[in-house]
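Enquirer: After the structure tokens below, expect a handful of questions from me.
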Amino acid sequence: MKQYILVFFFISALVAGAVKPQHVEAVKLKEPIKVDGLLTEKQWNGNAITNFVQRDPVEGQPASEKTAVWVAYDNEHLYIAAKLFDNNPDSIDQTVARRDNYVNSDWFYVYLDPHRDKRTGNFFAVNAGGSKMDGVLYNDSWNDDSWDGIWDAEVSVSDEGWAFEMRIPFSQLRFKDREDMVWGINFNRDIKRKNEMNYYVMVPKTESGFVSHFAELKGLKGIKPKQRFEMLPYVVQKAQFLKHDNNDPFYKSNMYNTSFGADFKVGIGSNLNLDATINPDFGQVEVDPAVLNLSAFETFFSEKRPFFIEGSNIFGFGYGGANSNWNFNFGTPELFYSRRIGRQPQIWSDTNDDEFVDRPTETRILGALKLTGKLDSRTSLGVLSAATQKMHNTIQGPSSSREEAIEPFTHYGVVRSRREFDEGRHAVGVIFTAVNRNLDTPEFEDNLAEQAYTLGFDGWTTLDDDDTYVITGSLIGSSVSGSQNFMTSLQERPYRYLQRPDATYMKLDPNRTSLQGMYGRVALNKQKGNFYFNSALGFITPGFENNDLGFQWMADRINGSVVTGYKWYESDGLFRRKNFFIAKFNTLNFEGKNLSNGMYGRYWGQFENYWEAFIMFDHSFGNYSTSFTRGGPLAKFGSSSYIYAFVSTDSRKDWRIEPQISYGTNKYGSMDYEFEIDFTWKPKSNLSISFGPGYSFNLAKMQWVGAFDDVTEIYTYGKRYVFAELTQKTISANIRINWSFTPDISLQWFVQPFFTAGDYNNFKQFARPSDDKYTVYGDKVVYDEANEEYFIDPDGAGPSAGFTISEPDFNFKSIRSNMVLRWEVLPGSIFYLVWTHDKTNFQDPGDFKPGRDFNNLMSARPDNIFLAKFSYWLDI
């Protein structure tokens, strides 16, 4: 018996050794290629790659339509050509879309791994209408389309199907320059009407990774790409017509502004890029959404500035190695939030009613440098350095004017590197961030940190030979220094609140001139298979601070979670695919108080007709809050529940509808619900219109109003923490029109009307620490209509003198519109024409009447900004 076992293992080893990865041969051109999509050159008559396999709808089956692909190259370019045969050429989708604006269509993707590191790469895509997309691949299976390479492609459609030719300069790719190179490569063809996805190397759904499975691209010999040196000068002309006081002496001088600048990109060898900018234009192409924030925490807005977007994934920290990361009231700190650079000045001047202020809306960036790429196939590097100017505003009074400093000269720095081992199965990384300010005024010293640093390490290790289980981890230290006044305010921030009168672990220290903290987390993730598992444990100390260059919303937590689930990839007659997940999570602070204790679950399925359905629930069993009283005593919460669901129709159709609904409630009678329905209509192949109206209702039984000193209130440490019932109604909509005249000329129009009103009533005060009881004021509240304020005498004839509250009701209305005409005149050279329109109105606080509110908004004075920008790409 032992002999048979030995023979079996010997034969298995021989078979395994004989299995070689698929490979593609690139052929050196002997004659030039005219990129016209017609494939008339002799090169395209040779042996082609044709063996494509379905991933959808029937995994593992041969592609239903024939595809033939060729790869060639010369000294400066890589060429890919393909004939995509189709038995029903009239059904080929030829949608025309703006670059990097994905639409469901007939696409062909080219994936490259030039370093052959089996983790990273680039992708290039073209559809039958000539639309293009490109981006980078990272973490083996993730992608980012913010990278814009300079390359070209042309398509043609015939009675046999469609075809394309693609030319990619080697200068746009990063690779290790060798005489005989081996890259990774893969191809993907999507056929819209069949919802069919075909791959040259098909990775089964139960497997993990993507780049690590690529075929080998061989035959690239003797390539000597030229030194990359690109320059992108620009000019911007802006005209602003804003709401203003007719006596404002600064208005006319700011109406018309012209600016010049340039970005530079230099290739350092074939592995690294150095980006630099002089007087950068970081004007946003799309406005931020309207938000009414009633919490104590900052609102996060995404980055939209090209210099910071491109290559941003290389600075990512804490999430590599695993193909899935879960966060329940926790997460990896955002150590580099690039919108901190060039932010709105942080100091506000005190002015009188008869004074006018000329205040810059952003901090000028004097210059910025960014180095990104790889030192070798296993070591990535990202370095960023930026300096911002000391900013002033000018204040004009009736008889004199003055300047006041509102933002100091500041340097921002980031260094990020990661080293991978054993073809990406293990890795270790480091990140360092620094903010250094010249605090040369008392206002700067009282409000800003002088020095702020973070140093972090992260990595992962695969536990088994099959790459099924991976452990990820990260550890970060932070240090901030500044004046005693600033450090006091830093300790009082909403995610920390060290001034809590009942704090026991770490209390506010007014003599501090520095603050240090730590963060750490470790997680186990199952990477593949039908059964899923993830578990994580992390902590963040009260003193951890990364908000000067990062984005922070938490501190003082110890968090753990467990997630399990199952994924079905085969049809059951009703669903083509489906999955469900269920999780348990818990969060403590360093005092041992339970800040969250709940369960989470979700279910998703795709029906046989390609409709989709999703439902999610979240339940909390009760917890404490260190932030509810905003620096006051600990508060207790009872149980609460939340549910969300949506259904979406087949995305291939000209009409797509996606209704969404959510509902939440808690033990005290608070409730909120929201309904939204998104419509998408594609009347033509180059025109898409989407309309997403929504309505929400929120009844908060305990909505924060304010804290008021009162030495007679002994139970809550000499302060009264006042809440009220808030009834809030909101109507909003997102409207988008995407009209592409050609793949290079497009018009996009975004409109967002937003109406919300809140009525505060039934004022009450927090009764006792670590409890959920409240004392209702009732008839002890008197409203003074003339002064628009409430007077509250909490104990009637008792010793309290009472206090006043300004009218908290609100009625916020806005409409934001952004229209962008984009014309890529030449590859990399783009002309923009932009119109931004904004109206706001605050009439009738607390009273929600949509018709009247709409009329009030339409009668409000608008802000209109017109902008023309032209950037010209020079390859020197």
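Nothing in this text is a laboratory measurement; each read-out follows from the coordinates by a stated rule. Source: prediction; values computed, not measured. Counting neighbours? That spans all protein chains shown, and the Cβs are built from the backbone with ideal geometry, glycine included.
Enquirer: For ASN246, project a label point 7 Å along Cα to C-beta. Then give me every residue of segment 840-870 with its amide nitrogen under 16 Å of that point.
Expert: 861
Enquirer: May I ask you to derive the relative contact order of the chain, considering only C-alpha pairs under 8 Å and at least 6 residues apart, and to give it as an integer percent?
Expert: 8 percent
Enquirer: Please compute the Kirkwood hydrodynamic radius over segment 366-501, one decimal place, Å, based on all pairs of different Cα atoms.
Expert: Result for segment 366-501 stands at 18.6 Å.
Enquirer: Kirkwood Rh and Cα-based Rg: tell me the resulting Rg over Rh for segment 84-132, rounded to two decimals.
Expert: Rg/Rh: 1.09.
Enquirer: Shifting gears a bit: Just the Cα atoms of segment 54-175, one point each, no solvent: what log10 I(q)/I(0) does Debye give at q = 0.10, 0.12, 0.20, 0.22 Å⁻¹?
Expert: Relative scattering, expressed as log10 I(q)/I(0), comes to -0.33, -0.48, -1.27, -1.41.
Enquirer: Translational diffusion coefficient, Stokes-Einstein: compute it for segment 773-865 using the Kirkwood radius over C-alpha pairs as Rh, at 25 °C and 0.890 mPa s, and state it as an integer in µm² s⁻¹.
Expert: 137 µm²/s
Enquirer: Using the Cα atoms of segment 442-579 to build a convex hull, what is its mean projected area in square nanometres?
Expert: Taking the Cα atoms of segment 442-579, their convex hull projects to 12.1 nm² on average.
Enquirer: Label-point separation (nm) for GLU179 and SER146, each offset 7 Å from Cα along Cα-to-Cβ?
Expert: It works out to 4.1 nm between the two label points.
Enquirer: To one decimal place, what Kirkwood hydrodynamic radius in Å is obtained for segment 723-824 from all pairs of distinct Cα atoms?
Expert: 17.9 Å
Enquirer: Taking segment 47-95, which GluC sites (Glu not before Pro) meet the DSSP loop condition and have no more than 14 other C-beta atoms within 10 Å?
Expert: Answer in residue order: GLU76.
Enquirer: Show that you can apply the helix-only estimate: for the chain, add -39,500 (n - 2.57) for every DSSP H stretch of four or more residues, divide by all residues, and state [θ] at 222 nm to the nearest 500.
Expert: Mean residue ellipticity, 222 nm, calculated: -1500 deg cm²/dmol.
Enquirer: Let's test the formula: R0 of 51 Å, r as the Cβ-Cβ distance of ALA239 and MET518. What FRET efficiency results, to the nearest 0.05?
Expert: Approximately 0.50, to the nearest 0.05.
Enquirer: Within 10 Å of each candidate Cβ there may be at most 16 other Cβ atoms; applying that plus a DSSP loop requirement, which chymotrypsin sites (Phe, Trp or Tyr not before Pro) in segment 635-733 survive?
Expert: TYR668, TYR715, TYR717
Enquirer: Let me ask another. Taking a threshold of 22 Å on the Cα-Cα distance, which of the pairs LYS83/LYS221; LYS682/LYS849; LYS28/LYS83 fall above it?
Expert: Violating the 22 Å Cα-Cα cut-off are LYS83/LYS221; LYS682/LYS849.
Enquirer: Then there's this: In segment 404-449, what GluC sites (Glu not before Pro) fall in a loop by DSSP, with at most 16 other Cβ atoms inside 10 Å?
Expert: GLU423
Enquirer: From the backbone phi of segment 106-122, what are the Karplus-calculated ³J(HN,Hα) couplings (6.51 cos²θ - 1.76 cosθ + 1.60, θ = phi - 60°) in whole Hz, Gly and Pro given as x?
Expert: Whole-Hz 3J(HN,Hα) from phi for segment 106-122: 8, 10, 10, 10, 10, 10, 10, 10, x, 7, 6, 8, 6, 9, 10, x, 9.
Enquirer: Give the Debye-formula value of log10 I(q)/I(0) at each listed q (0.09 Å⁻¹), with one equal scatterer per alpha carbon of the chain, two decimals each.
Expert: The Debye formula, applied to the Cα set alone, gives -1.13.
Enquirer: Over its Cα atoms, what ratio of radius of gyration to 2.2 N^0.38 Å does segment 305-399 give?
Expert: 1.61
Enquirer: So for segment 117-246, Kirkwood radius off the Cα pairs, Stokes-Einstein at 25 °C and 0.890 mPa s: how many µm² s⁻¹?
Expert: 135 µm²/s
Enquirer: While we're on this one: Computed FRET efficiency, Cβ-Cβ of ARG736 and ASN594, R0 56 Å: what is it to the nearest 0.05?
Expert: 0.85
Enquirer: Can you compute 3J(HN,Hα) from phi for each residue in segment 839-854, using the Karplus curve 6.51 cos²θ - 1.76 cosθ + 1.60 with θ = phi - 60°, rounded to whole Hz and x for Gly and Pro?
Expert: Taking θ as phi minus 60°, the curve returns 10, 9, 8, 10, 5, 6, x, x, 10, 9, 9, x, x, 5, 5, 5 Hz for segment 839-854.
Enquirer: Quick one: if the Förster radius is 41 Å, what FRET efficiency do THR351 and LEU375 give, using the C-beta to C-beta distance and rounding to 0.05?
Expert: After rounding to 0.05, the efficiency reads 0.20.
Enquirer: Compute the whole-percent fraction of alpha carbon pairs in segment 633-723 spaced more than 15 Å apart.
Expert: Here the tail beyond 15 Å accounts for 72 percent of pairs.
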